[in-house]
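Notes for the one structure printed next.
Just so it is clear, none of the values below were taken in a lab; they were calculated from the coordinates. Please read all numbers here as calculations on a predicted model, not as lab measurements. Here Cβ is always computed from backbone atoms with ideal geometry, including for glycine, and neighbour counts include all displayed protein chains.
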Ligand code: GLY
């Protein structure tokens with residue numbers, strides 16, 4: 001059984017199919033002769049590349065694979081150029097489909113290539129990490145990093161379909177799976193208090209990847225994301241609620257050289273920080289901030305950097321400066337008034353930021 005959720009964006013609308021196996025991947029069906037370029041990283045290609053390619057060839061399509069190194073460093077213009085060359089030598093035409101088979105890095109990179117190669121070719125996301133499934137594969141944000149900061153070059157470019165095959169999660173290392181749970185928790189905080197409560201009730205099932213629970217949790221996250229994106233595709237306003245925990249999270253990722261913490265781990269620390277900041281300036285109940293921290297901890301996510309090399313506040317404050325949500329050199333925060341209701345564009349005094357960092361994160 002598959003669940004289908006529609007992202008409603010007029011002529012750019014598309015389905016997210018969530019299920020097991022790829023038999024539900026409707027766009028990738030019935031188009032014999034179509035050339036497909038599957039982009040994945042070396043880990044995912046070794047695990048799933050051949051099988052996915054064989055399925056598509058079985059449906060009469062011509063399938064080629066382009067493999068890039070695993071790791072966030074690959075999300076760069078150098079690898080965009082590499083993929084343009086692969087697309088050109090594979091003879092991809094305007095009728096071709098570029099498939100991103102992988103986690104967030106592959107989806108963002110391949111999506112940007114799809115947005116720009118031949119001024120845009122069709123694009124399908126097959127996410128293989130929980131983080132990509134519930135967040136980055138939906139909503140059309142594509143792009144790469146520059147040495148100056150994350151995601152500084154990109155395009156809004158919607159896929160024509162997202163095929164979320166939960167079987168692909170079976171090979172995901174536990175640390176990466178847990179990192180994806182941070183984005184799951186985020187939806188409860190920013191949009192749906194009863195979903196937050198459900199996550200509290202099912203912590204063990206979530207950690208054990210209970211398949212029935214997982215399918216419904218992934219579907220709810222995609223539903224929320226689809227609703228937010230349909231309201232504000234290009235992040236003029238409310239879509240920014242999806243960045244809850246990301247202002248500090250991105251700064252931590254940068255301070256850690258993009259290798260020390262996984263994205264979800266950095267976002268978990270950022271959400272703990274944002275919840276406590278929300279108590280100070282948005283009237284968020286201290287008991288609810290404590291629930292946020294308790295749920296993150298129960299899901300084995302970090303609340304603060306541990307060990308000797310805790311980034312110094314001036315380093316983090318400096319890293320926030322290059323965040324693309326920064327306006328007039330002041331970072332903007334997404335905060336929360338109560339569970340299920342987020343506020344965007346909050347400017348916070350530097351002294352308060354430092355105080356909350358010292359009290360709850362150091
Ligand atoms: N990952 C945040 C967004 O898609 O807007």
- Pick out which of 89, 136, 278 has the largest mean-square fluctuation in a Gaussian network model of the chain, springs linking Cα atoms closer than 10 Å. 89
- Pulled fully out, how much extra length does the chain show between residue 89 and residue 287, if you take 0.36 nm times their separation in residues and subtract their Cα-Cα distance? 65.5 nm
- Message: Just to be sure I understand: if I project the alpha-carbon convex hull of region 222-269 onto a plane and average over all orientations, what area do I get in nm²?
- Response: 3.7 nm²
- Task: Find the centroid of the Cα atoms in region 28-68 and in region 272-295, then give the distance between the two in whole Å.
- Result: 45 Å
- Note on the structure: Going from the fewest other Cβ atoms within 10 Å to the most, one would list 61, 269, 231 as 231, 61, 269
- Query: So what's the gap between the Cα centers of region 217-231 and region 86-162, to the nearest angstrom?
  - Reply: 19 Å
- Find the all-direction average of the projected area of the Cα convex hull for the chain, expressing the result in square nanometres with one decimal place. 16.6 nm²
- Query: Pairing the Cα long axis of helix 104-116 with the longest principal axis of the chain, what angle in degrees results, from 0 to 90 and rounded to the nearest 10?
  - Reply: 60 degrees
- Relative contact order (percent, whole number), region 208-334, Cα cutoff 8 Å, 6+ residue spacing: 26 percent
- Arranged from highest to lowest average of other beta-carbon atoms within 10 Å per residue, in what order do the peptides 294-307, 155-168 appear? 155-168, 294-307
- Item | Gyration tensor (alpha-carbon) shape descriptor, region 142-285, a/c threshold 1.5 | rounded
- Note on the structure: With a ≥ b ≥ c from the Cα gyration tensor eigenvalues, square-rooted, and the rule rounded for a/c under 1.5, otherwise prolate when a/b > b/c and oblate otherwise, region 258-362 is oblate
- Query: What is the order of 75, 362, fewest Cβ neighbours within 10 Å to most?
  - Reply: 362, 75
- Relative contact order (%) - the chain, alpha-carbon pairs under 8 angstrom, separation at least six: 15 percent
- Message: Per 0.36 nm of contour for each residue apart, how much would the distance between residue 10 and residue 351 grow if the chain were fully extended, relative to their Cα-Cα spacing?
- Response: 118.3 nm
- List, largest first, the extents of the alpha carbons of region 58-102 along their principal axes, each in whole Å. 35, 20, 13
- How do the peptides 221-230, 202-211 rank, highest first, by the average count of neighbouring beta carbon atoms within 10 Å per residue? 221-230, 202-211
- How would you rank 130, 146, going from fewest to most other Cβ atoms within 10 Å of each one's own Cβ? 146, 130
- How big is region 21-118 on each of its three principal axes, counting only the C-alpha atoms and giving the largest first in Å? 35, 29, 19
